[in-house]
Amino acid sequence: MLRLVSLKLGRLYRYVKLAVLGSLAAALVLNTHSLLASLQRNELAERRFLQLNKCPACWGTSWCRKFLNGQLRLESWGRLRLLDFFNVKNVYFARYGEPREGSRRVVLKRLGSAQELADIDAKICRRATGRGRCDLPQALHATEFASLNGDVRLLTPDAVEGWSDLVHCPSQRLLDRLVRRYAETKDSGSFLLRNLKDSERMQLLITLAFNPEPLVLQSFPSDEGWPFAKYLGACGRMVAVNYVGEELWSYFHAPWEKRVDLAWQLMEIAEQLTNNDFEFALYLLDVSFDNFAVGPRDGKVIIVDAENVLVADKRLIRQNKPENWDVWYESKFDDCDKEACLSFSKEILCARVTVDHNYYAICQNLLSRHATWRGTSGGLLHDPPAEIAKDGRLEALLDECANPKKRYGRFQAAKELREYLAELSNNVR
């Protein structure tokens with residue numbers, strides 16, 4: 001019965017989607033002249049579309065030459081501003097390079113909805129002038145961002161703590177890493193804040209305060225094996241990252257063998273972010289099917305939305321020894337009626353060395369029967385083959401990982417689940 005309801009909801013979602021697309025098609029037919037004009041323009045070469053006029057209250061300028069020289073072009077439907085109404089997250093797909101030389105697909109992000117970006121402007125203006133509107137570049141010099149000027153040697157924890165999830169509990173080691181790997185400067189490699197130009201320093205601080213995703217991608221790069229999309233560059237309020245592939249949701253009804261492999265990779269990502277040689281714990285505070293994508297060629301799972309990542313420095317925790325710092329922390333199961341629910345305390349994540357948050361987030365929101373997304377239920381590992389369902393081991397491990405019944409049960413269940421999925425994945429290859 002539950003399976004039937006799930007299928008009906010899935011069909012309803014598709015019907016609504018088709019109805020919306022049909023309405024769009026009708027609107028486009030009625031606006032043919034505007035449609036042709038939009039398709040012929042390359043707005044990615046326009047300073048206003050890129051919001052370059054708002055710099056240094058922007059994400060960077062390292063890729064501006066590529067944008068303004070016409071090396072990037074939005075893919076056909078992305079050129080239609082009529083569709084921006086449905087593009088709430090302001091994410092675009094584009095081609096980079098000349099078609100004759102082999103262009104590649106990239107993803108462009110404004111790092112916020114139109115309303116969120118307007119709110120950023122208003123916040124800056126109010127801090128500087130007390131009014132909601134102002135000359136943004138000029139107003140920045142009257143905010144706290146300007147206090148971290150060229151005379152300041154280092155970016156320190158007391159200056160930026162709590163600005164965003166990334167620096168909810170920053171260590172000096174983390175901040176030095178952010179500055180040293182900052183990609184929006186020609187002189188990267190130095191951890192000294194004063195080595196950045198005024199505009200570069202301001203862009204770094206704005207990004208850190210309002211959407212630190214680019215800094216996560218730069219500081220924990222894919223080239224070094226971190227499971228994030230590759231950062232390419234920015235121009236104004238448009239950031240470019242490499243295109244990974246279809247979102248994880250597209251594989252919800254993939255063959256069982258494929259879903260087992262994806263589930264194993266997800267648990268490996270949870271382990272890597274929790275325990276690594278760098279002793280930085282990267283906790284995913286927002287875990288849903290559209291925050292991950294799968295490479296079409298290598299089948300590799302990659303995190304494509306890294307805005308809500310909290311980084312805790314385990315070395316600092318061991319050094320400072322806050323209360324209960326060495327007591328294993330078990331995340332509390334959140335049986336809510338919404339999608340992608342997670343229960344966590346940022347303060348505890350910042351104060352414990354051993355934490356099961358990432359295992360909990362992946363198991364509850366993606367893999368187990370508790371995972372719900374777009375009208376479906378059962379998680380990525382729904383409907384296992386009869387022999388696996390009869391054995392019961394997989395269901396028991398998923399349940400213990402999502403909602404443990406024993407003390408520290410999730411830690412053990414996550415370890416065994418990774419091993420069991422690896423066995424299943426090898427068996428089906």
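Leaving ligands, DNA and RNA out of it, report the carbon-plus-sulfur percent of the accessible area of region 246-427 at a 1.4 Å probe.
46 percent
What ranking do 191-203, 288-300, 54-66, 144-156 get when scored by the average of other Cβ atoms within 10 Å per residue, highest first?
Answer by packing, highest mean first, reads 54-66, 191-203, 288-300, 144-156.
Of the listed pairs Lys66/Lys230; Lys89/Lys197; Lys66/Lys186; Lys109/Lys300; Lys89/Lys332; Lys54/Lys123, which have alpha-carbon separations greater than 20 Å here?
On the way: Lys66/Lys230 17 Å; Lys89/Lys197 30 Å; Lys66/Lys186 16 Å; Lys109/Lys300 22 Å; Lys89/Lys332 30 Å; Lys54/Lys123 14 Å.
Checking Cα-Cα distances, Lys89/Lys197; Lys109/Lys300; Lys89/Lys332 exceed 20 Å.
Search the structure for amide H atoms under 5 Å from the amide H of Met238, placed 1.01 Å from N in the peptide plane, and list their residues when 5 or more places away or on another chain.
Amide H to amide H, under 5 Å and 5 or more residues apart or across chains, Met238 pairs with Trp59.
Taking the Cβ of Leu204 as the center, what net charge do the other residues with Cβ under 12 Å away carry, scoring Lys and Arg +1 and Asp and Glu -1?
Charge balance near Leu204 sits at +1.
Would you calculate, for the chain, the mean residue ellipticity at 222 nm contributed by helices, counting each DSSP H stretch of 4 or more residues as -39,500 (n - 2.57) and dividing by all residues, to the nearest 500?
Values: 17 runs with 172 residues, N = 429.
Theoretical 222 nm ellipticity from helices: -12000 deg cm²/dmol.
Charges only on Cβ, +1 for Lys and Arg, -1 for Asp and Glu: so what's the dipole of region 246-427 about the Cα centre, in debye to the nearest 20?
That gives a dipole near 420 debye.
Would you list, by chain and number, the aspartates and glutamates whose Cα falls below 18 Å from the Cα of Lys406, excluding same-chain residues fewer than 8 positions away?
Counting by Cα, and skipping residues close in sequence, Lys406 has these aspartates and glutamates nearby: Glu330, Asp334, Asp335, Asp356, Glu395, Glu416.
Provide the per residue accessible area, probe 1.4 Å, for the chain, rounded to a whole number of square angstrom. Mind showing how you got there, number by number?
On the way: 21020 Å² over 429 residues.
Roughly 49 Å² per residue, with all protein chains present.
Over the residues of region 246-427, compute the C-alpha Rg and express it relative to 2.2 N^0.38 Å.
Here the answer is 1.01, to two decimals.
Between [x] 58.8; [y] 24.6; [z] 23.7, which matches mean projected area of the Cα convex hull in nm² calculated for the structure shown?
Label [z] holds the value from this structure.
The values are calculated or read from the model by the stated rules, or taken from the named source; none is laboratory data. Model, not experiment: these values are computed from the prediction. Using ideal geometry, Cβ is built from the backbone for each residue, glycine included, and neighbour counts are taken over all protein chains shown. Ligands, DNA and RNA are stripped out before the accessible areas are found, and what is left, the full protein with its side chains, is counted by its heavy atoms. Shrake-Rupley method; radii C 1.70, N 1.55, O 1.52, S 1.80 Å.
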